[in-house]
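Colleague: Below are the structure tokens for one structure; questions will follow.
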Amino acid sequence: GAALVESPIYRGGEQLQPWQRAFVTLFLKHRETYGRARLLLADEVGVGKTLSLAASAMVSALLDDGPVLILCPSTLTLQWQVELNDKLGIPSAVWVSTKKVWVDHQGHTIKTRGPEDIVHCPFRIAIVSTGLIFHHSEEQSHLLDRKFGTVVLDEAHKARRRGGHGDRKEEPNNLLDFMLRIGSRTKNLLLGTATPIQTEVHELWDLMRIL
């Protein structure tokens, strides 16, 4: 409550919905009871998963768990940044892979030395496109060398087995492989998806394996 009372959403006369507050509460309870939180949020489309996850990430940052890494499709990176700033008053930076720079919540470009600076976000919360991982970019190896306080994966159902009819159909795709490896490098791990099962039940179990 103390963390949120001065946030823009509360100053504007709004507040988190009961199910959003319940998720943040559950996050805090797991963190206190088990020393870490590993949760899958599978709310339906349109009920505010982003804000539930973002508020949990904010609390983690305020409690000094360590840097926060938010992974989402490139089409959602700016949505995440806007929601963090406009509703929670939390600054963040988005990694622009084509230029190897950070862009802050005010649109300012922060230059870097190159791919290795993806682990040196100028803010506590870094937003990175999952496209980097799908394309097996140089940046992903640097991320796997770093430890995090909280990692959030939005659209988590995209971390799945390769599928198809080839010999490698049961192998994890690049994103699932990355998440299985980064899981041991973060204190808290939050997965968000409205479709934890798309076609096969094992897709849900693979997400649980990440946790």
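The values are calculated or read from the model by the stated rules, or taken from the named source; none is laboratory data. Computed from a predicted structure; not experimentally measured. No Cβ is skipped: glycine too gets one built from the backbone with ideal geometry, and neighbour counts run over all protein chains shown. With ligands, DNA and RNA removed, areas are computed over all heavy atoms of the protein, side chains included. Shrake-Rupley method; radii C 1.70, N 1.55, O 1.52, S 1.80 Å.
Colleague: Separation of region 93-108 and region 123-170 by C-alpha centroid, Å?
Modeller: With region 93-108 and region 123-170 each reduced to a Cα centre, they are spaced 19 Å.
Colleague: For the modelled label position 7 Å from the Cα of E6 along Cα-to-Cβ, which residues of region 22-64 have backbone nitrogen atoms closer than 15 Å?
Modeller: The answer is 59, 62-63, whose backbone nitrogens lie closer than 15 Å to the label point.
Colleague: Determine the order of T75, T112 by accessible area, beginning with the largest, at a probe radius of 1.4 Å. Don't skip to the answer; put the middle values down first.
Modeller: Working: T75 115, T112 40 Å².
Accessible-area ranking of T75, T112, largest first: T75, T112.
Colleague: Now a separate question. With every protein chain kept in place and ligands, DNA and RNA left out, what is the accessible area per residue of region 1-107? Probe 1.4 Å, answer in Å². Don't jump to the answer; show the numbers that get you there.
Modeller: Details: 5350 Å² over 107 residues.
Accessible surface, normalised per residue, equals 50 Å².
Colleague: Once every DSSP H run of n ≥ 4 in the chain is given -39500 (n - 2.57) and the sum is divided by its residues, what mean residue ellipticity at 222 nm do you get, rounded to the nearest 500 deg cm²/dmol?
Modeller: On the way: 8 runs with 75 residues, N = 211.
Counting only the DSSP helices, I get -10000 deg cm²/dmol.
Colleague: Follow-up question, since we're still on this one. In whole Hz and in residue order, list the ³J(HN,Hα) couplings for region 79-85 that follow from phi through the Karplus curve 6.51 cos²θ - 1.76 cosθ + 1.60, θ = phi - 60°; x for Gly and Pro.
Modeller: With the stated coefficients, region 79-85 comes to 4, 4, 5, 5, 5, 4, 7 Hz.
Colleague: Mind listing the long-range amide H neighbours of I110? Cut-off is under 5 Å, sequence gap 5 or more, other chains count too, H placed in the peptide plane at 1.01 Å from N.
Modeller: W102, V103, D104
Colleague: Which of K49/K99; K100/K158; K87/K158; K49/K147; K29/K111; K49/K187 have a Cα-Cα distance over 32 Å? It would help to have the intermediate numbers written out before the result.
Modeller: Working: K49/K99 30 Å; K100/K158 24 Å; K87/K158 27 Å; K49/K147 25 Å; K29/K111 39 Å; K49/K187 20 Å.
K29/K111, as the Cα separations exceed 32 Å there.
Colleague: Can you give the relative contact order of region 116-211 as a percent, counting alpha carbon pairs under 8 Å and 6+ residues apart? Don't jump to the answer; show the numbers that get you there.
Modeller: On the way: 114 pairs, mean separation 28.4, N = 96.
About 30 percent, as a whole number.
Colleague: Hey, another quick one. Got the relative contact order for the chain handy, in percent, Cα pairs under 8 Å and 6 or more residues apart? Numbers along the way, then the final one.
Modeller: Details: 353 pairs, mean separation 50.0, N = 211.
Relative contact order here is 24 percent.
Colleague: Still on this structure, I have one more. Multiply the residue gap between Q106 and H202 by 0.36 nm, knock off their C-alpha separation, and tell me the result in nm, one decimal place.
Modeller: Values: separation 96, 0.36 × 96 = 34.56 nm, distance 4.15 nm.
Length difference between fully extended and current span is 30.4 nm.
Colleague: A follow-up question, please. All other residues with a Cβ under 15 Å from the Cβ of N173 taken together, and with Lys, Arg as +1 and Asp, Glu as -1, what is their net charge?
Modeller: Numbers: positive: K158, R160, R161, R162, R168, K169, R181, R209; negative: E155, D167, E170, E171, D177, E200, E203, D206.
Here the count lands on 0.
Colleague: Can you tell me the accessible area per residue over region 131-211, all protein chains present, probe 1.4 angstrom, in square angstrom?
Modeller: On the way: 4020 Å² over 81 residues.
Roughly 50 Å² per residue, with all protein chains present.
Colleague: Take every DSSP beta bridge whose two residues both sit in the chain, then give the antiparallel share in percent to the nearest 5. Spell out each step's value before the answer.
Modeller: Working: 7 of 28 bridges.
Roughly 25 percent of the DSSP beta bridges within the chain come out antiparallel.
Colleague: Using amide H atoms built in the peptide plane, which far-off residues or other-chain residues are under 5 Å from L40 H to H?
Modeller: L191
Colleague: Leaving out ligands, DNA and RNA, what percent of the accessible area of the chain is carbon and sulfur, probe 1.4 Å?
Modeller: 51 percent
Colleague: In the neighborhood of H30, defined by Cβ-to-Cβ distances under 10 Å, what is the net charge if each Lys or Arg adds +1 and each Asp or Glu adds -1?
Modeller: Numbers: positive: K29, R31, R36, R38; negative: E32.
Charge balance near H30 sits at +3.
Colleague: Taking the Cα-to-Cβ direction at D177 and at K147 and moving 7 Å from each Cα, how far apart do the two end points lie in nm?
Modeller: 2.6 nm
Colleague: Sticking with this structure for a sec: Quick one: work out the % antiparallel among DSSP beta bridges in region 69-126, nearest 5.
Modeller: Working: 6 of 8 bridges.
Antiparallel: roughly 75 percent of the beta bridges in region 69-126.
Colleague: Which residues' amide hydrogens lie under 5 Å from the amide hydrogen of R161, considering only partners 5 or more residues apart or on another chain, with H built in the peptide plane?
Modeller: Sorted by chain and number, the residues that satisfy this are N173.
Colleague: Count charges around S92 for me, please; just the other residues with Cβ under 13 Å from its Cβ, Lys/Arg as +1, Asp/Glu as -1. Can you show the working numbers first?
Modeller: Values: positive: K87, R124; negative: E83, D86, D104.
Once positives and negatives cancel, what remains is -1.
Colleague: Is the C-alpha gyration tensor of the chain telling us rounded, prolate or oblate? Criteria: a/c under 1.5 is rounded; beyond that, a/b larger than b/c is prolate, otherwise oblate.
Modeller: Working: a/c = 1.68, a/b = 1.18, b/c = 1.42.
Oblate shape, in that a/c is at least 1.5 and b/c is the bigger or equal ratio.
Colleague: Could you tell me which residue out of Q17, G114, L176 lies farthest along the dipole of the chain toward its positive end? Charges go on the beta carbon: Lys and Arg +1, Asp and Glu -1, centred on the Cα centre.
Modeller: G114
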